[in-house]
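*Asks:* Quick one: the structure is below, and I'll ask about it shortly.
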Amino acid sequence: MITVSQPSAIRGAELKDLVPVRTIGDLDWMVKESELITGMPGREFVVAGADRPAFHVQIDAVGYQIVRVDQDDASSTPMRATTRELANHTLGNALLCGLLYTTALH
């Protein structure tokens, strides 16, 4: 299960310093890449826009486990989505609109 312990640093990052996520394949690869490099499950993503919501995404057998990491209210409750259902989520909409970003791994 994803836990939210502190505000996400990704929200404060400059867009020019972030990596765009263009396709569902990119999203899948970036989550897996982060897990391989860091040894930690999932990866954080941010939606470009006025409020810059940040999400932690993990991939499991059913699809995606998504939690908003920049709020401490009900929206911080993890939700599950299949690839098809992802289009109805803020994260999926941002992906389709070219507004989804993540940090580069070094």
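The values are calculated or read from the model by the stated rules, or taken from the named source; none is laboratory data. Nothing here was measured: the structure is a model prediction, and the numbers come from that model. In this analysis, Cβ positions are derived from the backbone assuming ideal geometry, glycine residues included, and neighbour counts consider all displayed protein chains.
*Asks:* Restricting to region 82-101, give me the number of residues that are crowded, with 16+ Cβ neighbours inside 10 Å and out of contact with any strand residue (DSSP E or B) (no Cβ under 7 Å at 6 or more places or on another chain).
*Replies:* The total comes to 2.
*Asks:* In this structure, does Gln65 turn out to be at pLDDT 95 or above and among the polar types (S, T, N, Q)?
*Replies:* Working: at pLDDT 95 or above: yes; among the polar types (S, T, N, Q): yes.
Yes.
*Asks:* Now for a separate question. Just give me the residues in region 48-70 being out of contact with any helix residue (DSSP H, G or I) (no Cβ under 7 Å at 6 or more places or on another chain) and without any contact (Cβ under 8 Å) to a residue 24 or more places away in the chain, in sequence order.
*Replies:* Of everything in region 48-70, those that are out of contact with any helix residue (DSSP H, G or I) (no Cβ under 7 Å at 6 or more places or on another chain) and without any contact (Cβ under 8 Å) to a residue 24 or more places away in the chain turn out to be Ala50, Asp51, Asp60, Ala61, Val62.
*Asks:* Oh, and also: Of all residues in region 33-47 being in contact (Cβ under 8 Å) with a residue 40 or more places away in the chain and among the acidic types (Asp, Glu), which is surrounded by the most Cβ atoms within 10 Å (Cβ to Cβ)?
*Replies:* Glu44
*Asks:* Out of everything in region 1-24 that is part of a loop (DSSP other than H, G, I, E, B) and loosely packed, with under 13 Cβ neighbours inside 10 Å, what residue ends up being modelled with the lowest pLDDT?
*Replies:* Let us first name the residues in region 1-24 that are part of a loop (DSSP other than H, G, I, E, B), namely 1-8, 13-14, 21-23.
Keeping just the survivors that are loosely packed, with under 13 Cβ neighbours inside 10 Å gives 1, 3, 5-6, 14, 22-23.
Details: Met1: 46, Thr3: 46, Ser5: 41, Gln6: 46, Glu14: 86, Arg22: 96, Thr23: 96.
Top of the filtered list is Ser5.
*Asks:* Only one of these is of a type outside the set (Gly, Ala, Ser), in contact with an Asp or Glu (Cβ under 7 Å, 6 or more places away or on another chain) and at pLDDT below 95: Pro78, Pro53. Name it.
*Replies:* Just a single option satisfies the conditions, and that option is Pro53.
*Asks:* Here's another thing I want to ask about it. Tell me, which residue of region 48-81 that is of a type in the set (Lys, Arg) and surrounded by fewer than 19 Cβ atoms within 10 Å (Cβ to Cβ) is farthest from Val19 (Cα to Cα)? Step through it out loud before you land on a result.
*Replies:* Pass one, region 48-81, residues of a type in the set (Lys, Arg): 52, 68, 80.
The next check asks that each one be surrounded by fewer than 19 Cβ atoms within 10 Å (Cβ to Cβ); those that pass are 52, 80.
Working: Arg52: 15, Arg80: 24 Å.
Among those residues, the one meeting the criterion is Arg80.
*Asks:* If I filter region 25-32 for residues that are part of a loop (DSSP other than H, G, I, E, B) and surrounded by fewer than 18 Cβ atoms within 10 Å (Cβ to Cβ), do I get at least one hit?
*Replies:* So far as region 25-32 goes, no, none of its residues is part of a loop (DSSP other than H, G, I, E, B) and surrounded by fewer than 18 Cβ atoms within 10 Å (Cβ to Cβ).
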